[in-house]
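S.K.: Sharing a structure here in structure tokens format.
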Amino acid sequence: MMVIPLMKINGKISNNFSKSMLRKIFFLNIFFIIAITFNSYSFEKEAEQLVQSTTDNAKKIILDSNIKINDKKKKIEAIALEVVDVDGLGRFTLGSSRKDLSETQLKKYTEIFRVFFAKNISSRLQNYSDQNIKVTGSKKISDNYVLVNSKMVSKKDNQEIKIDWRVFNINNKLVIRDLVVEGLSLAKTQREEFASILASKGFDGLMANLNEFISKN
């Protein structure tokens, strides 16, 4: 423990550096508070920018009449694989069944899931009807997790849908791990679907389903 040297002068306790030390401590505390607040604010804003820029870029590609449909799919798949934590999502969708698989099976699943995920995203292009996605805010849940809020408005019927994006900081890179559409987690829905297949058909059945989807898309 640090002991502050005190001197008695004219019956009063004096401290040679207490005032300057307290002043330094005060400004140091203010600095850390500002730094922590700024880092938190910066994390949230970067997460918001990730979502907004990703959706804007995807929309630009989809609406570009000069890009062929197959090229659009490839570009959308590339964006999805870049901004989404696909491997983390793949592990999550396996659920508790993951612990029953061998390293070889996990490696095989991870490779196939990446392709399945990309194809699953690009296969939905025909359902797009010029919706606008606008980020409306965000909330820091933990030091590495921000929930970004947005709304999607269809120009066709002006229907508004609430979409929340779970953005994580993994190894100093912001990535999306899940979308929650009107309260429904897409990652959890996918996990439930996989769990049903695993229960009825086993691991080989799941892989067969994924490969069949890939071959058709």
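Where a number appears in this text, it was derived from the coordinates with a stated rule and is not lab data. The shown structure was predicted, so the numbers you read here are calculated from the model rather than taken from an experiment.
S.K.: Could you give the length gained on full extension between residue 159 and residue 192, defined as 0.36 nm per residue of separation minus the Cα-Cα distance, in nm? List each step's numbers first, then the result.
M.R.: Working: separation 33, 0.36 × 33 = 11.88 nm, distance 2.79 nm.
Contour length minus the Cα-Cα distance gives 9.1 nm.
S.K.: Using the Cα gyration tensor of the range 16-216, with a ≥ b ≥ c the square roots of its eigenvalues, what is the shape: rounded (a/c below 1.5), prolate (a/b larger than b/c) or oblate (neither)? Walk me through the numbers before you get to the answer.
M.R.: Working: a/c = 2.63, a/b = 1.56, b/c = 1.69.
Verdict is oblate for the range 16-216.
S.K.: Over the range 16-216, what is the relative contact order in whole percent, taking alpha-carbon pairs under 8 Å and six or more residues apart? Display every interim value, and only then the final one.
M.R.: Values: 228 pairs, mean separation 41.0, N = 201.
Here the relative contact order equals 20 percent.
S.K.: Could you grab the Rg to Rh ratio for the range 125-174? Cα atoms only, Kirkwood for Rh.
M.R.: Numbers: Rg = 13.8 Å, Rh = 12.3 Å.
Taking Rh as the inverse mean 1/r over Cα pairs, Rg/Rh reads 1.12.
S.K.: Cα-Cα pairs above 16 Å in the range 72-137: how many percent? All intermediate terms of the calculation are to be shown ahead of the outcome.
M.R.: On the way: 1217 of 2145 pairs.
Roughly 57 percent, once rounded to a whole number.
S.K.: Among the listed pairs 72/156; 75/107; 151/201; 107/216; 72/188, which are separated by more than 31 Å between their Cα atoms? Provide the component values of the computation, followed by the final result.
M.R.: Numbers: 72/156 22 Å; 75/107 25 Å; 151/201 38 Å; 107/216 23 Å; 72/188 28 Å.
Among 72/156; 75/107; 151/201; 107/216; 72/188, the Cα-Cα distance tops 31 Å for 151/201.
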